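One structure below.
The values are calculated or read from the model by the stated rules, or taken from the named source; none is laboratory data. Predicted model, so just to flag it, every value in this text is computed and none were measured. With ideal geometry, Cβ positions are generated from the backbone for all residues, glycine too; neighbour counts draw on all protein chains shown.
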Amino acid sequence: MGEPSTALLDRVFGAVSDPTRREILQRLSRADERVTDVASHFSISLNSVSKHVRVLETAGLVTRSVQGRNHVLSLNAAPMAEAAAWMESYREFWSDRLAALDRFVTNAGEDASE
């Protein structure tokens, strides 16, 4: 997979920073939906939902297909997986550092009690 680009990470994290967009992604994780069906679940205008969808499309998290007059949205989890892999490398780093700190503190406490 390789190291994700800074631009990809910026787009993905920017896209998921908004609760409305996260809810759209959650809905699409269950099934593809028409834009109008997605919009019906929010108390904002269709135009506002469309703007959120465009941000998700730009991030590569959502794809749109046109079926007649309907615009159907699908989840594309690949960019999210790349961002998760990037975050995982930092989780491993900090887990190792915290384990080393724990060993140091434990050993320092044992040395002090002797």
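Suppose we keep only residues that are of a type in the set (Gly, Ala, Ser) and under 19 Å from the mean Cα position of the chain (by Cα) within segment 69-95. Which one would you say is surrounded by the fewest Cβ atoms within 10 Å (Cβ to Cβ)?
Across segment 69-95, the extreme among qualifying residues is Ser89.
Yes or no: segment 3-18 includes at least one residue that is touching a Lys or Arg at 6+ places or on another chain (Cβ under 6 Å) and surrounded by 12 or more Cβ atoms within 10 Å (Cβ to Cβ).
There is at least one residue in segment 3-18 that is touching a Lys or Arg at 6+ places or on another chain (Cβ under 6 Å) and surrounded by 12 or more Cβ atoms within 10 Å (Cβ to Cβ).
In segment 1-40, how many are farther than 11 Å from Ala59 by Cα and either among the basic types (Lys, Arg) or modelled with pLDDT of 95 or more (or both)?
Qualifying residue count for the region: 24.
Out of all the residues in segment 75-87, which are under 14 Å from Glu33 (Cα atoms) and not in a loop (DSSP other than H, G, I, E, B)?
Leu75, the sole residue that qualifies.
Residue by residue through segment 19-65, note down the ones that are of a type outside the set (Gly, Ala, Ser), surrounded by fewer than 11 Cβ atoms within 10 Å (Cβ to Cβ) and either in contact with a Cys (Cβ under 8 Å, 6 or more places away or on another chain) or under 26 Å from Ala81 (Cα atoms) (or both).
Result: Pro19, Gln26, Arg30.
Looking only at segment 41-51, filter to residues that are of a type in the set (A, V, I, L, M) and in a helix (DSSP H, G or I); which one of those is modelled with the highest pLDDT?
Result: Val49.
With the checklist (1) aliphatic (A, V, I, L, M); (2) at pLDDT below 95; (3) outside any helix (DSSP H, G or I) in hand, flag the one item Val72 doesn't pass.
(2)
What are the pairs, 6+ residues apart or on separate chains, where a residue within segment 23-41 that is under 12 Å from Leu75 (Cα atoms) has its Cβ under 7 Å from a residue that is acidic (Asp, Glu) and surrounded by 14 or more Cβ atoms within 10 Å (Cβ to Cβ)?
Listed pairs, sorted by first residue: Arg27/Glu33.
So how many residues does segment 59-95 have that are within 17 Å of Leu9 (Cβ to Cβ) and either charged (D, E, K, R) or in contact with a Pro (Cβ under 7 Å, 6 or more places away or on another chain) (or both)?
8
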